[in-house]
Amino acid sequence: MPLSRLDGVTSAPPDPMIGRLIDGRYDVRSRIARGGMATVYLATDLRLERQVAIKIMHGHLADDAVFKERFVQEARSAARLAHPNVVNVFDQGQDSDMAYLVMEYLPGMTLRDLLKERGQLTTEQTVDVMDAVLGGLAAAHKAGIVHRDLKPENVLLADDGRIKISDFGLARAVSANTATGQALLGTIAYLSPELLTRGTADARSDIYAAGIMMYEMLVGAQPYVGDQPMAIAFQHANDQMPTPSDASPAVPEQLDDLVLWATRKEPDERPSDAREMLERLRVAEYEIAGTRRAQAATGRTVVLPDTFDADLDQAQTQVLEARRRTGSTTVVSSVTPATTVYGTSIAAHDQGADAGDIPTRPGDALARKAGSRRKRGAWILAIILVVAAGLGVSAWYFAAGPGASVTVPADLAGKPVAEAEASLDALSLLHTQTQQTDPTVPAGVVISTDPAGGTPVGQGSSITLVVSAGPAMLPVPGLAGTSEADATAAIQAAGFTLADPVARQFDSDVESGVVIAALGADGAAIGATYPEQRPITLVVSLGAVPNVVGQSPDDAMAALGEVGLVGVDGSQDFNDEIPAGEVYQAITTTDPVRPGDSITLNVSRGPEPVTVPGNLNGMSWSEAKPLLVDLGFDLQYNAVADAFPDTFKVSATDPAGGASVPKGSKLVVSFSVF
């Protein structure tokens with residue numbers, strides 16, 4: 001039989017640690033196993049002269065404060081537990097640069113080894129293992145400790161039949177498990193949905209792992225498998241848990257129900273801790289045993305002794321004792337073995353009188369039966385009188401006395417807390433409040449009651465009102481500047497919903513398909529936090545509005561129509577830069593511009609015409625030139641005039657004064673000199 005594999009590690013060849021004396025006390029003899037965090041050795045405690053298992057943290061992790069704290073946490077967690085189904089921790093310390101942990105040594109195998117060897121376990125074997133595992137877990141939960149890494153590798157099966165849980169390296173106090181704040185810890189195949197999605201764990205997370213492990217023992221395979229860890233995690237969070245009997249029809253219905261109860265997606269729907277699941281397991285064990293006894297008894301031939309009275313007490317159950325007969329008559333014995341339930345022996349037969357007291361004559365037997373009947377009749381009469389008196393007192397107690405029951409109102413859920421309290425006050429019921437976040441029930445409104453509405457309770461009982469604190473405020477991931485697909489995934493992963501439809505608008509500064517902003521339900525930009533499950537509207541860029549300047553009106557309207565905009569005819573104006581008949585200006589009428597908005601198109605009439613002044617003749621060049629320049633003419637003249645502007649006088653122009661020509665046309669100026 002292989003040595004115990006503590007911490008779920010795998011075997012490896014000897015190393016230089018063998019033969020070393022640790023802390024002057026522990027003589028390392030051989031290596032048991034090696035894992036990612038530590039190596040486990042078989043050692044001799046020279047002080048107490050006993051074999052122990054010593055776990056030594058890998059040297060490269062000794063400087064890591066997180067791993068070192070986790071290593072010490074295992075010692076603290078396990079040391080707080082004193083239970084026959086939890087591996088005992090004897091010592092913890094540090095020798096030079098080595099952190100070590102000393103535990104009891106259990107020669108045997110792990111549950112994983114057994115599953116590899118046999119594939120699947122019988123119903124009886126599964127119940128035995130789960131009884132021990134849940135017993136150890138119940139002790140941990142009672143001490144306020146959550147294991148967080150329950151799996152077959154951490155269940156040890158000793159050669160002497162003991163079953164123990166090991167590896168509390170990931171364990172933490174219940175009060176510290178509201179959030180891990182670190183990378184997800186534990187083995188993915190046994191992690192509960194809340195650990196995978198929210199990183200939170202409590203006793204009910206251990207229950208989920210126990211349910212998965214129980215399924216694996218009954219079926220011989222894990223319920224969720226996949227090529228990648230994230231595929232398995234997705235199934236844990238979303239897929240329906242399969243029923244063990246679907247894969248293995250021999251699994252009893254009671255164990256089907258127990259597995260499905262332990263593996264509910266919502267923690268509140270599972271057993272609250274290992275003690276509750278253990279009690280239900282033992283009830284299931286008793287029910288399974290009773291069913292099998294009943295099945296085994298069907299059709300069985302029974303030999304009754306000669307003194308058996310078929311009319312004894314009519315339908316009462318009779319105890320068949322061993323009857324001693326004289327002569328050659330065979331002694332017939334019907335003795336049912338004792339049945340053990342929850343550690344209590346329930347005898348299936350009475351011991352009866354000693355052999356010497358058994359009558360040997362039929363007359364003596366009849367006399368004894370008659371006397372027994374008379375005594376029984378007196379006792380029955382006394383019992384009837386006592387029961388009648390008790391029923392009368394009970395009727396008064398429960399109808400009008402202190403035990404009278406009151407029904408918790410069924411309509412408290414959905415009421416404001418003040419109104420619900422008034423309803424309870426009217427029934428003389430006490431009440432307390434507990435706050436709970438809820439994404440759908442407004443703050444200050446009752447979500448539910450404990451006990452639930454419609455439940456009968458005693459007068460003066462206390463009712464707990466579960467009052468909504470409104471939705472939880474969750475951090476908002478960065479969305480602006482990301483693609484629409486990435487932003488959608490981030491919204492859903494963060495616990496919000498995506499509003500439909502997505503808002504789309506044109507933006508010349510943001511590339512098409514990129515998120516411009518994220519808006520809340522009120523239409524304003526959301527801040528750093530936002531209520532859970534509330535809708536978030538993404539504003540996504542469509543890029544810039546198409547540039548239609550220089551196109552014909554028909555072409556411009558077609559281009560705008562392709563992106564969902566509507567082109568509208570505008571004015572027709574002179575334009576010095578755009579040829580006549582083309583769009584020289586596209587004016588948006590909304591800000592921002594969204595699909596369906598209209599764009600006004602102004603069309604060019606070409607350059608505006610100008611008239612050659614008719615009063616230029618005789619005007620000095622110093623007066624005429626500025627006038628012609630302002631009108632935009634392309635002047636052609638003798639450049640000498642610029643040197644003597646007051647001397648040169650305009651004598652003629654071509655075109656002549658009064659002519660209308662396009663702005664920028666050539667104008668030839670002639671001069672006379674005075």
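Computed values, structure above
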{"read-out": "Qualifying residue in the range 107-129 (condition: in contact with a Ser or Thr (Cβ under 8 Å, 6 or more places away or on another chain) and of a type in the set (A, V, I, L, M, F, W, C))", "value": "yes"}
{"read-out": "Filter result (polar (S, T, N, Q) and in a strand (DSSP E or B)) within the range 632-667", "value": "636, 651, 653, 660"}
{"read-out": "Residue in the range 576-587 that is touching a residue at least 12 places away in the same chain (Cβ under 8 Å) and touching a Phe, Trp or Tyr at 6+ places or on another chain (Cβ under 6 Å) present", "value": "yes"}
{"read-out": "Total residues in the range 636-674, condition among the aliphatic types (A, V, I, L, M) and surrounded by 14 or more Cβ atoms within 10 Å (Cβ to Cβ)", "value": "6"}
{"read-out": "Filter result (loosely packed, with under 15 Cβ neighbours inside 10 Å, without any contact (Cβ under 8 Å) to a residue 40 or more places away in the chain and in contact with a strand residue (DSSP E or B) (Cβ under 7 Å, 6 or more places away or on another chain)) within the range 427-463", "value": "430, 432, 433, 434, 435, 436, 442, 443, 444, 450, 460, 462"}
{"read-out": "Residue within the range 165-183 that is modelled with pLDDT of 85 or more and either closer than 21 Å to residue 230 by Cβ or not in a loop (DSSP other than H, G, I, E, B) (or both) present", "value": "yes"}
{"read-out": "Selection within the range 462-494 - part of a loop (DSSP other than H, G, I, E, B), within 20 Å of residue 435 (Cα to Cα) and of a type outside the set (A, V, I, L, M, F, W, C)", "value": "470, 471"}
{"read-out": "Answer residue from the range 419-448, given it is in a strand (DSSP E or B) and out of contact with any Gly (no Cβ under 9 Å at 6 or more places or on another chain) and is nearest to residue 471 (Cα to Cα) among those", "value": "436"}
{"read-out": "Residues located in the range 495-510, provided they are in a loop (DSSP other than H, G, I, E, B) and surrounded by 13 or more Cβ atoms within 10 Å (Cβ to Cβ)", "value": "495, 496, 499, 502, 507, 510"}
{"read-out": "Subset of the range 242-270 [touching a Gly at 6+ places or on another chain (Cβ under 9 Å) and under 17 Å from residue 130 (Cβ atoms)]", "value": "248, 258, 259, 260, 261, 262, 263, 270"}
{"read-out": "Test: residue 116 is surrounded by fewer than 17 Cβ atoms within 10 Å (Cβ to Cβ), in the same structural domain as residue 214 (by TED's automatic domain parsing) and without any contact (Cβ under 8 Å) to a residue 60 or more places away in the chain", "value": "yes"}
{"read-out": "Among residues of the range 7-27, those that are part of a strand (DSSP E or B), at pLDDT 90 or above and more than 17 Å from residue 89 (Cα to Cα), counted", "value": "2"}
{"read-out": "Single condition residue 624 does not satisfy, out of (1) crowded, with 18+ Cβ neighbours inside 10 Å; (2) assigned by TED's automatic domain parsing to the domain that holds residue 563", "value": "(2)"}
{"read-out": "Residue that is nearest to residue 44 (Cα to Cα), among those in the range 75-107 that are out of contact with any strand residue (DSSP E or B) (no Cβ under 8 Å at 6 or more places or on another chain) and among the small types (Gly, Ala, Ser)", "value": "96"}
{"read-out": "Residue list for the range 610-621, filter: surrounded by 12 or more Cβ atoms within 10 Å (Cβ to Cβ) and not hydrophobic (A, V, I, L, M, F, W, C)", "value": "611, 613, 617, 620"}
{"read-out": "2 or more residues over 22 Å from residue 189 (Cβ atoms): qualifying strands (runs of 3 or more DSSP E) within the range 50-162", "value": "50-57, 89-95, 98-104"}
{"read-out": "Condition met for residue 610 (part of a strand (DSSP E or B) and at pLDDT below 95)", "value": "yes"}
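Residues are listed down the side, and each one gets a yes or a no for (1) surrounded by 15 or more Cβ atoms within 10 Å (Cβ to Cβ); (2) within 20 Å of residue 162 (Cβ to Cβ); (3) touching a residue at least 12 places away in the same chain (Cβ under 8 Å):
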{"position": "85", "(1), (2), (3)": "yes, yes, yes"}
{"position": "88", "(1), (2), (3)": "yes, yes, yes"}
{"position": "98", "(1), (2), (3)": "yes, no, yes"}
{"position": "109", "(1), (2), (3)": "yes, yes, yes"}
{"position": "122", "(1), (2), (3)": "no, yes, no"}
{"position": "128", "(1), (2), (3)": "yes, yes, yes"}
{"position": "133", "(1), (2), (3)": "yes, yes, yes"}
{"position": "140", "(1), (2), (3)": "yes, yes, yes"}
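For (1) in a strand (DSSP E or B); (2) small (Gly, Ala, Ser), each residue gets a yes or a no:
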| position | (1), (2) |
| --- | --- |
| 560 | no, no |
| 564 | no, yes |
| 567 | yes, yes |
| 570 | yes, yes |
| 575 | no, no |
| 580 | no, yes |
| 587 | yes, no |
| 606 | no, yes |
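The values are calculated or read from the model by the stated rules, or taken from the named source; none is laboratory data. On a predicted model such as this, the values are computed, not experimentally measured, just so you know. Ideal geometry is used to build each Cβ from the backbone, glycine not excepted, and the neighbour counts take in all protein chains shown.
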